[in-house]
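Take a look at the structure set out below.
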Amino acid sequence: MRCVVTGATGYIGGRLAPRLAAEGHEVRCVVRDPAKMRDTPWAQQVEIVAGDVLDEESMRRACEGADVLYYLVHSLSEHGFAAVDRRAALISAQAAREAGVSRIVYLGGMHPEGVELSEHLASRAEVGETFLRSGVPTVILQAAVILGSGSASFEMLRYLTERLPVMLTPSWVHHRVQPIAIRDVLHYLVKAVTLPPEINRTFDIGGPDVLTYLEMMEGFAEVAQLPRRTMLPVPVLTPRLSSHWVNLVTPVPRSTAVPLIDSLVHEVVAAEHDIDQFVAPPEGGLTGFQRAVSLALQRISSGQVETRWSGANATYAPSDPLPSDPAWAGGTVYTDSRERHASASAEHVWHVVTGIGGERGWYSFPLGWWARGVMDRLVGGVGLRRGRRDADSLKVGDALDWWRVEECVDEGVSRLDPDETALAPGERLLRLRAEMKAPGLAWLELRVAPTEDGSIYRQRAIFFPHGLAGHAYWYVIAPFHALVFGGMERRIVGAAERVERGEDPDPPTGVVARLRDRRSRRDAERARPVLRTGT
């Protein structure tokens, strides 16, 4: 079958596309920025086209000659999302109908009938109805909590349970939920192309276990060998207040936490299992809750997380192009540029550069980075808790704390746009685009070039202010630049030189050492039961 996959850079789409290709289907991935998929391991197995579900012409082109349209897109913004989702669904449905597509597959949210739904659930139900009435046979798979390494639902469950030995629990944690493992969701999505052509309906999909969210937290603690958690019920903790709490305690920002919690306000248990009449369960049966948690933790501990919820751009992420050199016609641009010679080779400096962020931190003024991250979380931003997809490698499109990898060029192979600043022979470049809340657009460029006696490390922070607030913001933080950017420059080069000498690039001391040792022991303890139960 010729399958079009929207949302291919997201959590579900990034896992579905390679599995469809492995089944022998022709896969066309529709993404707003094809460069984001340049370093994806399976990019050569699929066709990648530029398109946007809000652009009628690009969706018509994407659907030409296709048999199946997988619609895996929905908004996670806090305002105006319903109108955006409605328009995107109408455009995509019309494009599929005009192109003669024979099947639409949509992954929606499970919800009860006959009750007033939250805005987010109501919007997803409306998108499903739009496709069902489109004239194109549609299969809607409705799932509740999806359990898998890197999923937003799993990250919320994981961090709430790990970080809070005593929890204030709102009333919704006592509602029943039917979670499903990501592997089972992908199984049903892949097999949806085999359904009879006349089928035009929704199907509930869920795992074999029905639990309350409270039981899910207790079950997670058991699998992860955490001490038993103490739960203190607080009936006044509303879903909106809960989303603020999740925003502060977990890496999941408020914009994502709101729809996740909204989906738990009502009991979400499969009303039917009719999908069993058309699609056989996965080999070995559906995955139970404890095994799903165990497998997810095993993936995380071994660094084999395929996709993460943070892989798709946040709706508030800047999308303007980088102000190009030597001049930017759009107005004032503030920069902080630094350069330092390193006795270490370019390879060793680049190794440190591409390992920045996450657990390793940013090599300067950790208290300042922490405080800015907390401020960002308080206003609903992503903060520093998103971490990294992989501890040692980066690819275009990766989320890196509050940054997004916009360009990563290794070994001087320039793949930049013609109007961008060219790279010198052998030069490497990492460009990060800020996704934190700020009155302007910000980038951080890190370059490494070889020299006869080592290498040159170049660092440039760029800020394009929006209005008076943007200019004031730059001048307020300017006094800290010497601490933040100067410290980065010195310590990154120093770490690379220690690597060259065969030393620890970042020898921990004092409290940092104790925290790291404690984390290492905890991870080692957790890995043992995971490896024992996971296969």
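The values are calculated or read from the model by the stated rules, or taken from the named source; none is laboratory data. Small disclaimer: the values here were computed from a predicted structure and weren't measured. Methodologically, a virtual Cβ is constructed for each residue, glycine included, from the backbone with ideal geometry; neighbour enumeration extends over all protein chains shown. The protein model used for the area step is the full one, side chains on, heavy atoms only, and it has no ligands, DNA or RNA in it. Shrake-Rupley method; radii C 1.70, N 1.55, O 1.52, S 1.80 Å.
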With every protein chain in place, the chain: carbon and sulfur % of accessible area (1.4 Å): 54 percent
Counting only the heavy atoms of the protein chains, how much of SER343 is accessible to a 1.4 Å probe, in Å² to the nearest 10? 70 Å²
Of all GluC sites (Glu not before Pro) in region 423-483, which ones are in loop regions per DSSP and have a Cβ with at most 10 other Cβ atoms within 10 Å? GLU452
Computed ³J(HN,Hα) along region 488-504: with the Karplus parameters 6.51/-1.76/1.60, θ = phi - 60°, integer Hz and x for glycine or proline, the list is 4, 4, 5, 6, 5, 5, x, 5, 5, 5, 5, 4, 4, 7, x, 9, 5
Lys/Arg +1, Asp/Glu -1 at C-beta; the chain dipole; positive extreme among GLY13, VAL31, ALA62: GLY13
With Rg and Dmax of the Cα atoms in Å as the read-out, I listed (1) 39.7, 144; (2) 23.9, 73; (3) 24.3, 83; which label goes with the value calculated from this structure? (2)
In the chain, taking the dipole from +1 charges on Lys and Arg beta carbons and -1 charges on Asp and Glu beta carbons about the Cα centre, the listed residue (HIS266, LEU195, PRO450) farthest towards the positive end is HIS266
How big is region 244-288 on each of its three principal axes, counting only the C-alpha atoms and giving the largest first in Å? 42, 22, 15
Report LEU90's accessible area, 1.4 Å probe, all protein chains in place, as a number in Å² to the nearest 10. 100 Å²
Relative contact order, percent, of the chain when contacts are C-alpha pairs under 8 Å separated by at least 6 residues? 13 percent
When the dipole is taken about the Cα centre of the chain, and only Lys, Arg (+1) and Asp, Glu (-1) are charged at their Cβ, what size is it in debye, to the nearest 20? 1380 debye
Per the charge dipole of the chain (beta-carbon charges, Lys/Arg positive, Asp/Glu negative, Cα centre), the residue among GLY381, ILE91, GLN277 reaching farthest to the positive end is GLY381
Taking Cα pairs under 8 Å and at least six residues apart, what relative contact order does region 8-135 come out at, in percent? 21 percent
Between the DSSP loop rule and a limit of at most 15 other Cβ atoms within 10 Å, which chymotrypsin sites (Phe, Trp or Tyr not before Pro) in region 229-311 are left? PHE278
Prolate/oblate/rounded label for region 208-277 (Cα gyration tensor, a/c 1.5): oblate
Answer in debye to the nearest 20: the dipole magnitude of region 1-103 about its Cα centre, from +1 Lys/Arg and -1 Asp/Glu charges placed on Cβ, is 160 debye
How big is region 106-200 in terms of Cα radius of gyration and Dmax, in angstroms? 16.2, 52
